[in-house]
Amino acid sequence: MTAVGFLYPGRSAEDDYPRIEQLLGSDIRLALVHTDIGEDAHRVDALLEMGSAARLAAGVEELRLSGAEAVVWACTSGSFVFGWDGAHDQVRSLAKAAGLPASSTSFAFAHAIRELGAARVAIAATYPEDVAAHFREFLQADGVEVVSMRGSGIITAAEVGTWGWDEVLALARAGDHPDAQAVLLPDTALHTGAYVRDLESELDKPVLTANQVTVWEALRLVGRRVNAPALGALFTKEPLIQVPG
């Protein structure tokens, strides 16, 4: 049995995690602890507070008691707003507090993009444009070419959590770009666990969603590789894209 842990901000799409656990179809347990988010707002100041070291440290003891072997801060905006270097500091503080290997959803996206071999991506974000721009800059700092970025202007995670298949598909289609080798949906408040394979079928390219990559990152930290086609190209045995060296 492999157990991995997640610090999840508030309550919006946390039910993606038991759903993904079922789709993995293996001896893997996903342990989730809710963190206090403070103000529910996709605003830089609120997001910096949401991802503060003190708020994250408050949840690590419960994760340790769950038997988790690694921990991921399951929040994209509450990590990339710190910038590339600041997000590294955030993860180092979390690892020290938890005494476990640690990462965040923002780094999960960066690592997943590399896993797929995608050099050019499109961002289809629920956030306001100014917040989404921080994610673009985060990825660019890792050498990723962002060929397009679309924000949706949604302020609260609570609203994002009400979106279903129709809204998620519309978001992905609107954010896609013909030059993109993968489309990114960066919000852990967005329900996507049941939709990844269908999104990839509709767009005819890999789709990376926040809760999907967060789980993949946790498994990467503990050296587990799971073939789960229902979770899309990222969870198949071989990358779909080969970028010339």
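The values are calculated or read from the model by the stated rules, or taken from the named source; none is laboratory data. As the structure is a prediction and not an experimental result, all values here were calculated from the model. Methodologically, a virtual Cβ is constructed for each residue, glycine included, from the backbone with ideal geometry; neighbour enumeration extends over all protein chains shown.
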TODO: State whether one or more residues within the stretch 16-38 are buried (at least 17 other Cβ atoms within 10 Å of the Cβ) and touching a Pro at 6+ places or on another chain (Cβ under 6 Å).
DONE: yes
Scanning the stretch 199-226 residue by residue, the ones that are touching a residue at least 12 places away in the same chain (Cβ under 8 Å) and either assigned to a helix (DSSP H, G or I) or hydroxyl-bearing (Ser, Thr, Tyr) (or both) total 17
Over the stretch 187-207, the set of residues touching a Pro at 6+ places or on another chain (Cβ under 8 Å) and among the polar types (S, T, N, Q) is Thr188
query = Quick one: would you say Ala122 is part of a helix (DSSP H, G or I), touching a residue at least 12 places away in the same chain (Cβ under 8 Å) and in contact with a helix residue (DSSP H, G or I) (Cβ under 6 Å, 6 or more places away or on another chain)?
reply = no
Of the residues in the stretch 78-87 that are of a type outside the set (A, V, I, L, M) and outside any loop (DSSP other than H, G, I, E, B), the one that is surrounded by the fewest Cβ atoms within 10 Å (Cβ to Cβ) is Asp85
Could you go through the stretch 172-192 and let me know if any residue there is at pLDDT 95 or above, crowded, with 18+ Cβ neighbours inside 10 Å, in a helix (DSSP H, G or I) and among the β-branched types (Val, Ile, Thr). no
Flagged pairs (Cβ under 6 angstrom, 6 or more apart or on separate chains; first in the stretch 74-98, over 14 Å from Leu48 (Cα atoms); second assigned to a helix (DSSP H, G or I)) are Ala74/Thr105; Ala74/Thr214; Ser93/Ala53; Leu94/Leu56; Ala97/Ala57; Ala97/Val60; Ala98/Val60
Per the filter on the stretch 88-146, residues charged (D, E, K, R) and either more than 15 Å from Val213 (Cα to Cα) or surrounded by 24 or more Cβ atoms within 10 Å (Cβ to Cβ) (or both) are Asp89, Arg92, Lys96, Arg120, Glu129, Asp130, Arg136, Glu137, Asp142, Glu145
